[in-house]
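The values are calculated or read from the model by the stated rules, or taken from the named source; none is laboratory data. Every value quoted in this text rests on a predicted model; they were computed, and no experiment measured them. In this analysis, Cβ positions are derived from the backbone assuming ideal geometry, glycine residues included, and neighbour counts consider all displayed protein chains.
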Amino acid sequence: MTQTLLWQQQNQSVNYAELCNALFERELSLLANIKLATPQALQGRLKSLSYYINRTARLMIQADLPLVLDIQNAAWQAKQSGKIPLTGQETKNVNTWYLSINLSLGLIVPVLADGYIFLDCIDRIDNDKQRIRTNISGWFYLSHTEKQKQKQKQKYKKVQLLKPNKKVMLAACSGHHWQGGMKMRPIIPSLQGLLLSCSINWNNFKAPLSI
């Protein structure tokens with residue numbers, strides 16, 4: 001083993017340990033401040049926490065993303081634009097994009113909510129009603145007719161499905177936040193969001209990576 005290779009492995013090991021530590025601190029703080037239905041629910045979250053944190057830290061170290069990895073804060077960094085990147089994100093354009101591709105389960109998609117963009121993934125595809133369901137945000141209708149029918153049944157959701165492009169995905173991975181047309185302090189993505197960021201296929205947003 002060469003000295004350079006040994007140094008690289010040692011450096012990765014240190015970065016991995018720092019990432020795990022930052023993720024544990026953040027997740028434990030979150031768990032201490034949320035209300036769960038039962039003590040068993042909290043126990044379940046704690047039991048799986050170590051696995052997901054170790055997996056996330058390992059993937060973040062190995063991931064080849066066009067972002068800077070902030071080891072101490074366990075987050076991605078990228079330059080934030082002055083305005084939220086919504087050019088070409090009109091509903092018709094977004095629906096056309098999704099209807100034109102061969103949708104696959106696990107595809108990473110960006111969603112807009114309250115001035116920030118977060119990552120979600122498709123977990124169900126309903127071709128009959130031209131809609132997709134995402135893991136966090138629920139159903140999105142890609143047909144104007146079906147969307148109008150849904151509006152009549154329930155209050156319109158306050159989240160907006162976006163089509164992925166580099167600017168939008170960079171913003172989502174980095175937790176960029178805007179309010180009233182002004183740049184705000186970034187929102188640290190969730191553990192799930194960080195995991196999803198490592199599954200983005202930057203060469204082809206139409207297909208997820210296998211991790």
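Quick one: how many residues across the stretch 47-93 are assigned to a helix (DSSP H, G or I) and hydrophobic (A, V, I, L, M, F, W, C)?
6
In the stretch 186-211, what count of residues is obtained for those that are assigned to a loop (DSSP other than H, G, I, E, B) and closer than 22 Å to Trp97 by Cα?
Number satisfying all stated conditions: 11.
Of all the residues that make up the stretch 22-46, how many are over 18 Å from Ala75 (Cα atoms) and either of a type in the set (Ser, Thr, Tyr) or in a helix (DSSP H, G or I) (or both)?
Going through the stretch 22-46 one residue at a time, the tally reaches 11.
Collect the residues in the stretch 143-162 that are under 22 Å from Asp128 (Cβ atoms) and either modelled with pLDDT of 90 or more or assigned by TED's automatic domain parsing to the domain that holds Glu27 (or both), keeping them in residue-number order.
Listed by number, the list holds a single entry, Leu161.
Of everything in the stretch 182-211, what is in contact with a His (Cβ under 8 Å, 6 or more places away or on another chain) and within 23 Å of Phe24 (Cβ to Cβ)? Give them in sequence order.
If the condition is that a residue be in contact with a His (Cβ under 8 Å, 6 or more places away or on another chain) and within 23 Å of Phe24 (Cβ to Cβ), then Arg185, Pro186, Ile187 are the ones that fit.
Just to verify a result, which residue in the stretch 131-140, among those that are under 22 Å from Pro85 (Cα atoms) and part of a strand (DSSP E or B), is farthest from the chain's Cα centre (by Cα)? Walk me through how you get there before you give the answer.
Applying the first criterion (under 22 Å from Pro85 (Cα atoms)) to the stretch 131-140 yields 134, 136-137, 140.
From what is left, the residues that are part of a strand (DSSP E or B) are 134, 140.
Numbers: Thr134: 11, Phe140: 17 Å.
So, considering only residues that are under 22 Å from Pro85 (Cα atoms) and part of a strand (DSSP E or B), the one farthest from the chain's Cα centre (by Cα) is Phe140.
Kindly indicate the residue of the stretch 105-130 that is outside any strand (DSSP E or B) and over 17 Å from the mean Cα position of the chain (by Cα) and also farthest from Ile84 (Cα to Cα) among those meeting that condition. Lay out the reasoning, then the answer.
Filtering the stretch 105-130 down to residues outside any strand (DSSP E or B) leaves 105-107, 114-115, 127-130.
Those still in the list that are over 17 Å from the mean Cα position of the chain (by Cα) too: 127-130.
Numbers: Asn127: 31, Asp128: 33, Lys129: 31, Gln130: 28 Å.
Once the filter is applied, the top-ranked residue is Asp128.
Which of the numbered conditions does Pro186 fail, given that it passes all the others? Conditions: (1) in contact with a Ser or Thr (Cβ under 8 Å, 6 or more places away or on another chain); (2) modelled with pLDDT of 95 or more.
All conditions are met except number (2).
Among the residues of the stretch 38-61, how many are farther than 15 Å from Glu25 by Cβ and without any contact (Cβ under 8 Å) to a residue 24 or more places away in the chain?
So the first thing to find is which residues in the stretch 38-61 are farther than 15 Å from Glu25 by Cβ, and the list is 38-45, 47-48, 51, 55, 58-61.
From what is left, the residues that are without any contact (Cβ under 8 Å) to a residue 24 or more places away in the chain are 38-45, 47-48, 51.
Within the stretch 38-61, residues that are farther than 15 Å from Glu25 by Cβ and without any contact (Cβ under 8 Å) to a residue 24 or more places away in the chain number 11.
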